[in-house]
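Student: Let me begin by handing over the structure; questions about it come next.
The values are calculated or read from the model by the stated rules, or taken from the named source; none is laboratory data. Keep in mind the model is a prediction, meaning the values are calculated, not measured. A quick note on method: Cβ atoms are made from the backbone with ideal geometry, for glycine too, and the neighbour counts reach across all protein chains shown. For accessibility, only protein heavy atoms count, side chains too; no ligands or nucleic acids. Shrake-Rupley method; radii C 1.70, N 1.55, O 1.52, S 1.80 Å.
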Amino acid sequence: YYWTYAHHLQWNYFDHPPLVALWIKFFTANLLLQDHVFFIRLGSIVSCAICSYFIFKTISTISTERAALVGVFLYNISFYASISAGVIITPDVPQMVFWTLSMYMLTKLFEDVNRWKYWLLFGISAGLCIMSKVHGVFLWGGVFLYALLYRRQLFAKPQIYVAGIITLFIISPIIIWNIQNDFITYNFHSERVTIDKNSGLQWQGLLKEIIGQLIVNNPFNIVLIFFFLFFKKSINNTQLYRVLKLTALPLLGIIILIAFFRQTLPHWSGPVYITLIPVAAIGLAEMTQRTIINTLRWACLYTVVFYLLIIAAVNFYPGTFGKGTEPYLGKGDISLDAYGWKEAGEKFGVIYNKIAGGSKHPLVCNNWWGAHEEYYFARPLHIEMIGLGSMNVLHNYAWKNKYTFSFTKPDTAFCIVHSDEYYDVRKAYAGYYTKIDSLATIHILRNKLPAHNFYVYRLSGWLQ
């Protein structure tokens, strides 16, 4: 989906700021290498290395290189850091680069709060973090709470205000874009997190969030962080750790509160635990070498086994562990997001070329995750994807359509429906086309058993 951002750069997008688009543009050489998934995701891999460096510098500035190496290790065994922000290309990727850089700037700041250089660099870094993902505002939230609770004399220093003005200047495109678009980003995200007082407490949602946090952030990291938060007073009373805790814990508290009432996503908590990694790293590094080695060994074993299980499930699980009946074959099986799409796209190409006869008819989708179909089905054939439906489900496609409609005629179109997300095509597009024909079903097997299907339709009789 974020690959679609890179095709038409904007100052902001429906659901996120623009830096992830620039990341993709840069690492694909202005999209010249977009046909290779490796280059689309290369920015994530490089960014994970950069973040590891900033984690090392953050911890080594306030402690030993031994503790810093432990911190780098803990960072890379976090599934959030190494996968969500280290392989998958999402807004979290540039966010983590500037989040960890901001952490490093804070360590330098609290060596001497009068130094203009680090205040200015923090203002720039925090601004770029927010331009990656709005979570970045918690960096300034932590500084503000620290100044309010522990060091009010900071409010008398001009450096903090100049740094704040720099951040505001950097994020001004987000503000201007939202003014021009009726604050659609704010309305969308506020709807996701606004507590519905009539819904009652959702204990199951809270349990899912806690389990999700343990999996995504690695249970070893979480246990170590909270153990040293509560039992290592020598660490927790320093200036820097107060700032880090006041940055991380309010975000964690908000996520937990929302989980009581609405659906949350586990990776939202990623910045919380990355911010607190120095607590765990320094605490662990002060223990015996045997304890350090054994802890890291078991943490590494857990991580490697988990990765191997994911790889095995995606590539070798017989059929699907989701629904086993059509038309919903595979529904609930998240491993299918990463299996069979390229094969299905190649099979669709044969069908399309036989029917289209050289014409360039677009694909249509009714949801933002149609981007998966655009990449694997439309891109190889050099045809466009058009979004038809509500802005609240189309997201960026509502803006992308402005470009697509300028040179693509939707009089006849094709539609791909994934069985994992099956919906009634005739009902979904009844207001757009008079005729909808089922053309074919593409069957994808995994380990010789049916895994999921792709249903191909042709739509004609465009209703303008």
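Student: Any chance you could count how many residues in the range 427-458 are farther than 14 Å from Ile351 by Cβ and out of contact with any helix residue (DSSP H, G or I) (no Cβ under 8 Å at 6 or more places or on another chain)?
Tutor: Number of matching residues: 13.
Student: Of the conditions (1) closer than 20 Å to Asp92 by Cβ; (2) surrounded by fewer than 22 Cβ atoms within 10 Å (Cβ to Cβ), Thr64 clears all except one; give me its number.
Tutor: (1)
Student: Which of (1) touching a residue at least 12 places away in the same chain (Cβ under 8 Å); (2) not in a helix (DSSP H, G or I) does Asp112 not meet, given it meets every other one?
Tutor: Going through the list (1) touching a residue at least 12 places away in the same chain (Cβ under 8 Å); (2) not in a helix (DSSP H, G or I), Asp112 breaks only (1).
Student: Before we move on, is Tyr118 in contact with an Asp or Glu (Cβ under 9 Å, 6 or more places away or on another chain) and more than 22 Å from Ile254 (Cβ to Cβ)?
Tutor: On the way: in contact with an Asp or Glu (Cβ under 9 Å, 6 or more places away or on another chain): yes; more than 22 Å from Ile254 (Cβ to Cβ): yes.
Taking the combined requirement at face value, the residue satisfies it.
Student: Moving to a separate point now. For the range 1-51, which residues satisfy the criterion of being open to solvent by less than 50 Å² (accessible area, probe 1.4 Å) and among the charged types (D, E, K, R)? Let's see the steps before the verdict.
Tutor: From the range 1-51, those open to solvent by less than 50 Å² (accessible area, probe 1.4 Å) are 1-6, 10, 12-21, 23-25, 27-29, 31, 34, 37, 40, 42-44, 47-48, 51; that's our starting set.
Of everything in the range 1-51, those that are open to solvent by less than 50 Å² (accessible area, probe 1.4 Å) and among the charged types (D, E, K, R) turn out to be Asp15, Lys25.
Student: Please work out which residue is farthest from Gly141 (Cα to Cα), limiting yourself to the range 221-246 and to residues that are among the charged types (D, E, K, R) and either at pLDDT 75 or above or assigned to a helix (DSSP H, G or I) (or both).
Tutor: Of all residues in the range 221-246, those among the charged types (D, E, K, R) come to 232-233, 242, 245.
Those still in the list that are either at pLDDT 75 or above or assigned to a helix (DSSP H, G or I) (or both) too: 233, 242, 245.
Values: Lys233: 23, Arg242: 12, Lys245: 11 Å.
Per the criteria, the residue is Lys233.
Student: Still on this structure: With of a type outside the set (Asp, Glu), at pLDDT 95 or above and either over 19 Å from Ser172 (Cα atoms) or assigned to a helix (DSSP H, G or I) (or both) as the only criterion, which of Tyr118, Tyr146 stands out?
Tutor: Values: Tyr146 fails: at pLDDT 95 or above.
Sole residue among the options that is of a type outside the set (Asp, Glu), at pLDDT 95 or above and either over 19 Å from Ser172 (Cα atoms) or assigned to a helix (DSSP H, G or I) (or both): Tyr118.
Student: Sticking with this structure for a sec: Restrict the check to the range 325-340 and report whether at least one residue is β-branched (Val, Ile, Thr), modelled with pLDDT under 95 and outside any loop (DSSP other than H, G, I, E, B). Talk me through it step by step, then tell me what you get.
Tutor: The initial filter retains those residues of the range 325-340 that are β-branched (Val, Ile, Thr), namely 325, 334.
Filter once more, keeping what is modelled with pLDDT under 95: 325, 334.
Remaining after also requiring outside any loop (DSSP other than H, G, I, E, B): 334.
Yes, the conditions are met somewhere in the range 325-340.
Student: List the residue pairs whose Cβ atoms are under 7 Å apart, where the first residue sits in the range 84-97 and is free of Cβ contacts under 8 Å to residues at least 60 places away in the same chain and under 11 Å from Ile274 (Cβ atoms), the second is open to solvent by less than 10 Å² (accessible area, probe 1.4 Å) and of a type in the set (Val, Ile, Thr), and the two are 6 or more positions apart or on different chains.
Tutor: Hits for this filter: zero, empty list.
Student: Related question: I'd like the full set of residues that are touching a Cys at 6+ places or on another chain (Cβ under 7 Å) and outside any helix (DSSP H, G or I), limited to the range 86-99. It would help to see each step written out before you state the result.
Tutor: So in the range 86-99, the residues touching a Cys at 6+ places or on another chain (Cβ under 7 Å) come out as 86, 95-99.
Once the filter is applied, which keeps residues that are touching a Cys at 6+ places or on another chain (Cβ under 7 Å) and outside any helix (DSSP H, G or I), the range 86-99 yields only Gly86.
Student: A further question follows. Counting only residues that are closer than 14 Å to Ile210 by Cβ and either of a type in the set (Gly, Ala, Ser) or in contact with a Phe, Trp or Tyr (Cβ under 7 Å, 6 or more places away or on another chain) (or both), which one in the range 238-266 is surrounded by the most Cβ atoms within 10 Å (Cβ to Cβ)?
Tutor: Of everything passing the filter in the range 238-266, Ala259 is surrounded by the most Cβ atoms within 10 Å (Cβ to Cβ).
Student: When you go through Ile50, Ile45 one by one, which is the residue that is within 16 Å of the chain's Cα centre (by Cα) and assigned to a helix (DSSP H, G or I)? Walk me through how you get there before you give the answer.
Tutor: Values: Ile50 fails: within 16 Å of the chain's Cα centre (by Cα).
It is Ile45.
Student: Pairs, please: C-beta under 7 Å, at least 6 apart or cross-chain, first residue more than 13 Å from Asp15 (Cα to Cα) and open to solvent by 30 Å² or more (accessible area, probe 1.4 Å) and in the range 169-189, second modelled with pLDDT of 90 or more and not small (Gly, Ala, Ser)?
Tutor: Here the result reads Ile170/Ile124; Ile170/Leu128; Ile170/Met131; Ile176/Trp11, each pair linking the range 169-189 to a residue that is modelled with pLDDT of 90 or more and not small (Gly, Ala, Ser).
Student: Residues that are farther than 27 Å from Gln10 by Cβ, at least 3 per element: which strands (runs of 3 or more DSSP E) completely within the range 363-451 meet that? Break it down into steps so the answer makes sense when it comes.
Tutor: On the way: elements: 363-365, 385-387, 412-418, 433-446.
Counting at least 3 such residues, we get 412-418, 433-446.
Student: Only one of (1) of a type outside the set (Asp, Glu); (2) open to solvent by 10 Å² or more (accessible area, probe 1.4 Å); (3) without any contact (Cβ under 8 Å) to a residue 60 or more places away in the chain is not met by Ser125, so which one is it?
Tutor: Answer for Ser125: the failing condition is (2).
Student: Something else now. If only one of Thr28, Thr61, Thr100 is polar (S, T, N, Q) and in contact with a Lys or Arg (Cβ under 8 Å, 6 or more places away or on another chain), which one is it?
Tutor: One residue alone meets the criteria, Thr61.
Student: Tally up the residues in the range 17-35 that are of a type outside the set (A, V, I, L, M), assigned to a loop (DSSP other than H, G, I, E, B) and over 17 Å from the mean Cα position of the chain (by Cα), please.
Tutor: Filtering the range 17-35 for residues of a type outside the set (A, V, I, L, M) gives 17-18, 23, 25-28, 30, 34-35.
Narrowing further to those that are assigned to a loop (DSSP other than H, G, I, E, B): 17-18, 28, 30, 34-35.
In the following step, the residues that additionally are over 17 Å from the mean Cα position of the chain (by Cα) were identified as 28, 30, 34-35.
Going through the range 17-35 one residue at a time, the tally reaches 4.
Student: Same structure, new question: Which number in (1) open to solvent by less than 40 Å² (accessible area, probe 1.4 Å); (2) assigned to a loop (DSSP other than H, G, I, E, B) marks the one condition that Ile160 misses?
Tutor: For Ile160, the exception is condition (2).
Student: Continuing with this model, one more query. Which of the residues that make up the range 67-81 are open to solvent by less than 30 Å² (accessible area, probe 1.4 Å), in a helix (DSSP H, G or I) and either under 20 Å from Tyr307 (Cα atoms) or free of Cβ contacts under 8 Å to residues at least 24 places away in the same chain (or both)?
Tutor: Step one: filter the range 67-81 for residues open to solvent by less than 30 Å² (accessible area, probe 1.4 Å), giving 67-68, 70-71, 74-75, 77-81.
Filter once more, so that each one left must be in a helix (DSSP H, G or I): 67-68, 70-71, 74-75, 79-81.
Correct list: Leu74, Tyr75, Phe79, Tyr80, Ala81.
Student: Inspect all residues belonging to the range 284-299 and state whether any of them is of a type in the set (Asp, Glu), over 30 Å from Lys57 (Cα atoms) and open to solvent by 70 Å² or more (accessible area, probe 1.4 Å). Can you show your working first?
Tutor: Within the range 284-299, the first condition is being of a type in the set (Asp, Glu), and the residues that meet it are 286.
Filter once more, so that each one left must be over 30 Å from Lys57 (Cα atoms): none.
For the range 284-299, residues of a type in the set (Asp, Glu), over 30 Å from Lys57 (Cα atoms) and open to solvent by 70 Å² or more (accessible area, probe 1.4 Å): absent.
Student: Mind checking which residues of the range 452-464 are assigned to a loop (DSSP other than H, G, I, E, B) and farther than 15 Å from Ala428 by Cα? Step through it out loud before you land on a result.
Tutor: Let us first name the residues in the range 452-464 that are assigned to a loop (DSSP other than H, G, I, E, B), namely 463-464.
Correct list: Gln464 only.
Student: Continuing with this model, one more query. If you scan the range 303-346, which residues turn out to be in contact with a His (Cβ under 9 Å, 6 or more places away or on another chain), surrounded by 16 or more Cβ atoms within 10 Å (Cβ to Cβ) and within 23 Å of Val425 (Cα to Cα)?
Tutor: Gly322, Leu329, Gly330, Lys331, Asp333, Leu336, Gly340, Trp341, Ala344 - these are the residues of the range 303-346 that are in contact with a His (Cβ under 9 Å, 6 or more places away or on another chain), surrounded by 16 or more Cβ atoms within 10 Å (Cβ to Cβ) and within 23 Å of Val425 (Cα to Cα).
Student: A further question follows. Please specify each residue of the range 82-122 satisfying the condition of being buried (at least 20 other Cβ atoms within 10 Å of the Cβ) and among the aliphatic types (A, V, I, L, M).
Tutor: Of everything in the range 82-122, those that are buried (at least 20 other Cβ atoms within 10 Å of the Cβ) and among the aliphatic types (A, V, I, L, M) turn out to be Ala85, Ile89, Val93, Met96, Val97, Leu101, Met103, Met105, Leu106, Leu109.
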